[in-house]
Amino acid sequence: MLRFIVRRILITIPTILVVISITWVLIKLAPGNFYSGEKQLPPAIEKSIREKYGLDKPWYEQYGKTMWGIVRLDFGTSLRYQGQSVNTIIRRSLPVSAAIGILAYILALIVGVIAGSIAALKQNSRYDYISMALAMLGISIPNFVLGPILVLIFSLTLYWLPPSRWEGFPSRNLVLPVLTLSAIYMAYIARLTRAGMLEVLRSDYIRTARAKGLSERDVVIRHALRGGLMPVVSYTGPALAFLLTGTVVVERIFALPGLGNYFIQASLNRDEPLIIGIVAFIAITLLLMNLLVDIAYAYLDPRVRYQ
Amino acid sequence: MSTENKPDQEDLVHIGPEMAVAEADVHPDEAGTFVHGTSLWRDAWRRLLKNKLAVLGLVVVVVVTLGSIIGPTVIKGVFGFTPDYIPTHNINATRSLPPFTGPGGEFTWTHPMGTDNAGRDQFARVLQGGQISLFVGILSTLVSLLIGVTYGAVSGYLGGRVDNVMMRIVDVLYSLPYVIVVIVLLSMFRSQTPRGQLILLFIALGSVSWLTMARIVRGQVLSLKNQEFVLAARATGVSTTRIIFRHLIPNTLGPVIVYATLTIPQIMLTEAFLSFLGFGVQAPLASWGSLASDGIQNIAIFPWQLIFPGMTMALTLFSLNFLGDGLRDALDPQMRTV
């Protein structure tokens, strides 16, 4: 187990560096510069800008400086948000993204596992068809269509819930963003649970469990779910990645000041330190989460450890 | 959904790869003599037709595709305007009309989906947007097919250390936040021309969506490569490249087609997502994503400007997903991943 964890960590660290390096190279290779706007700058001013931001240095020195900053978790200063460090922006916007992301994932997990299990246990019944049709709908409706439609119904027609803005953590403003974000994961998890459960329910050890006289409830909860949920556990890694991209849209629709919104603004403004800072932060978080998921998976399924 | 079509186990017998060795090395002129080679596809087709949802999906996909291709031309013929046509007279009266409504508030067939903010016909815009959305979806899927199938087949066939390294790379790429990198790519290299941005979009989407395809093909090749027909090909001196491309890849076609069908909606969704955020398709070109993005500005007053492009897209993706699921059940009843 220890060897497995060490090997995973050894893969994770270079991966983080690769993501950051790709981003850095893309930014440096792109034509133009963050200061090149519509009008041509006088050469003297351009020269002093380049000196101020260290752009006159050779590329390896610039790269080294960026990387050294990331190693120390100091991402520098934003170019657009004057006087604010990237760390401050991340610290301020992370709780917003984390709140809707985590809530959406928990909601998706609860609804998805329950719906998927019922669909599998009552295969080919009405429950099965309805929940799988809804799951397919959830996969097919883009979240930027679902979000506005929910706003249209619950905010602008029924006046039940506020349509946008961030008003702190436990607030009614979170209901619609969380619903919008979780729809697709709910759908995926329901489908994964159903497929996993169907496979497990046919296996020999379930027959053994039934044969030795366990109640149906014990068979399902203590035996079937444990095996049937393995695909859901392994989906957690990709889900986190998708959750991040999902929050980008959801934060935009509901005007929430989260990481995704800042990332889009930074990309549009070409705010280089902020782009690299957010990409680095996302890469590190995501890969650490993946690491944890892998370890959990290896713990749950001994076969993985010895591959 | 379609588990009511219990796979006929007898049908699977036809999928034996032994006929592929005959097919692959046969001269194209003689290919027609191998009649039994088509039975897999005929069986699959028969099974697909039994699946009502998949057939419905197929019909919707065909209708939407044909509508997108010939629709704008037909509208020009019937009503005399193109999707880009902005009325020059009476401008304010033709802006943001509700569905089936004329400039004076009267009922009309001219704008079944209403008009947009500039007075353009929403129906024609949605059809034209479909062209771009479907085009991006299909072409990027082809790019991902090309990379994924080759990569997976080479990795699976060569095996050993090469396979190990190639699959580690896939594992690493899998865990990347690739949409984030794609956004950086698209915003940094933002092209001056809409066409340039479209090409950038193909490259970006195609080059990040081949990973699952590579894994599927590798798995298939791993189980195929130790069979007798490969041994026979190797014994007769067929080169490695030829074995991979003429003997192994054709035998993976079933799962590849299934997964390609499921990749198209995923890529269309990503394209719409990028266009929605303003990184994808640029005006005057439009896709369902960028139309929805335009529509969301007026969601409170003119909801149809979002609902029509959004729902057309959802319907198409829904149908493609059902079609893909149906194809999977029809072509390979044993492949039951989500």
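A compact table of results
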{"item": "Number of positions in region A:235-277 that are at the interface with chain B (Cβ under 8 Å from one of its Cβ atoms), over 20 Å from A:L146 (Cα atoms) and touching a residue at least 60 places away in the same chain (Cβ under 8 Å)", "result": "2"}
{"item": "Residues within region B:276-300 that are more than 10 Å from every other protein chain (Cβ to nearest Cβ) and among the hydroxyl-bearing types (S, T, Y), tallied", "result": "2"}
{"item": "Selection count, region B:66-88, where residues are crowded, with 17+ Cβ neighbours inside 10 Å and in a helix (DSSP H, G or I)", "result": "5"}
{"item": "Exclusive hit being over 21 Å from the mean Cα position of the chain (by Cα), among the basic types (K, R) and surrounded by fewer than 16 Cβ atoms within 10 Å (Cβ to Cβ), set B:R161, B:R120", "result": "B:R161"}
{"item": "Qualifying residue in region B:281-290 (condition: at pLDDT below 85, farther than 27 Å from B:Y178 by Cα and assigned to a helix (DSSP H, G or I))", "result": "no"}
{"item": "Residue check for B:I267: without any contact (Cβ under 8 Å) to a residue 60 or more places away in the chain and closer than 23 Å to A:T23 by Cβ", "result": "no"}
{"item": "Unique residue being over 30 Å from A:P14 (Cα atoms), more than 8 Å from chain B (Cβ to nearest Cβ) and touching a residue at least 40 places away in the same chain (Cβ under 8 Å) when the list is A:V200, A:V232, A:V220", "result": "A:V220"}
{"item": "Among residues of region A:101-125, those that are touching a residue at least 40 places away in the same chain (Cβ under 8 Å), out of contact with any Leu (no Cβ under 6 Å at 6 or more places or on another chain) and either within 14 Å of chain B (Cβ to nearest Cβ) or among the hydrophobic types (A, V, I, L, M, F, W, C) (or both), counted", "result": "12"}
{"item": "Residue tally, condition assigned to a helix (DSSP H, G or I) and touching a residue at least 60 places away in the same chain (Cβ under 8 Å), over region B:47-58", "result": "8"}
{"item": "Total residues in region A:15-73, condition within 14 Å of another protein chain (Cβ to nearest Cβ), charged (D, E, K, R) and assigned to a loop (DSSP other than H, G, I, E, B)", "result": "1"}
{"item": "Some residue of region B:162-183 being more than 26 Å from A:L244 (Cβ to Cβ), at pLDDT below 85 and of a type in the set (S, T, N, Q)", "result": "yes"}
{"item": "Enumeration of residues in region B:166-221 that are at the interface with chain A (Cβ under 9 Å from one of its Cβ atoms), part of a helix (DSSP H, G or I) and aromatic (F, W, Y)", "result": "B:Y174, B:Y178"}
{"item": "Qualifying residue in region A:209-229 (condition: within 25 Å of the chain's Cα centre (by Cα), hydrophobic (A, V, I, L, M, F, W, C) and surrounded by 20 or more Cβ atoms within 10 Å (Cβ to Cβ))", "result": "yes"}
{"item": "Hits in region A:182-197 - residues which are within 13 Å of chain B (Cβ to nearest Cβ) and farther than 11 Å from A:G227 by Cβ", "result": "A:A183, A:I184, A:Y185, A:A187, A:Y188, A:I189, A:A190, A:R191, A:L192, A:T193, A:R194, A:A195"}
{"item": "Qualifying residue in region B:202-212 (condition: touching a residue at least 40 places away in the same chain (Cβ under 8 Å) and over 19 Å from the mean Cα position of the chain (by Cα))", "result": "no"}
{"item": "Any hit, region B:262-269, residues being among the hydroxyl-bearing types (S, T, Y), facing another protein chain (nearest Cβ under 10 Å) and crowded, with 24+ Cβ neighbours inside 10 Å", "result": "no"}
{"item": "Unmet requirement for B:P303, which otherwise passes all of (1) more than 19 Å from the chain's Cα centre (by Cα); (2) touching a residue at least 24 places away in the same chain (Cβ under 8 Å); (3) at the interface with chain A (Cβ under 10 Å from one of its Cβ atoms)", "result": "(2)"}
{"item": "Qualifying residue in region A:164-187 (condition: out of contact with any strand residue (DSSP E or B) (no Cβ under 7 Å at 6 or more places or on another chain), among the small types (G, A, S) and under 19 Å from A:I118 (Cα atoms))", "result": "yes"}
{"item": "Residue within region A:279-298 that is crowded, with 24+ Cβ neighbours inside 10 Å, more than 11 Å from every other protein chain (Cβ to nearest Cβ) and among the aromatic types (F, W, Y) present", "result": "no"}
{"item": "Index of the failed condition, B:T115 passing every other in (1) buried (at least 22 other Cβ atoms within 10 Å of the Cβ); (2) at pLDDT 85 or above", "result": "(2)"}
{"item": "In region B:99-110, residue farthest from B:M311 (Cα to Cα) [restricted to those that are surrounded by 14 or more Cβ atoms within 10 Å (Cβ to Cβ) and at pLDDT below 70]", "result": "B:P103"}
{"item": "Index of the failed condition, B:Q297 passing every other in (1) of a type outside the set (D, E); (2) part of a helix (DSSP H, G or I); (3) surrounded by 18 or more Cβ atoms within 10 Å (Cβ to Cβ)", "result": "(3)"}
{"item": "Residue within region B:62-75 that is in contact with a Lys or Arg (Cβ under 7 Å, 6 or more places away or on another chain) and at pLDDT 50 or above present", "result": "no"}
{"item": "Tally of residues being crowded, with 23+ Cβ neighbours inside 10 Å, more than 7 Å from every other protein chain (Cβ to nearest Cβ) and within 19 Å of B:F276 (Cα to Cα) across region B:307-325", "result": "4"}
{"item": "The lone exception for A:I153 - which of (1) away from chain B (no Cβ under 13 Å); (2) surrounded by fewer than 22 Cβ atoms within 10 Å (Cβ to Cβ) it fails", "result": "(1)"}
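Table: residues versus (1) within 30 Å of A:R7 (Cβ to Cβ); (2) not β-branched (V, I, T).
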| site | (1), (2) |
| --- | --- |
| A:F242 | yes, yes |
| A:V250 | no, no |
| A:L274 | no, yes |
| A:F281 | yes, yes |
| A:A296 | yes, yes |
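The values are calculated or read from the model by the stated rules, or taken from the named source; none is laboratory data. For clarity, every value in this text was computed on a predicted model and none was experimentally measured. Glycine also receives a Cβ, built like all others from the backbone with ideal geometry; neighbour counts cover every protein chain displayed.
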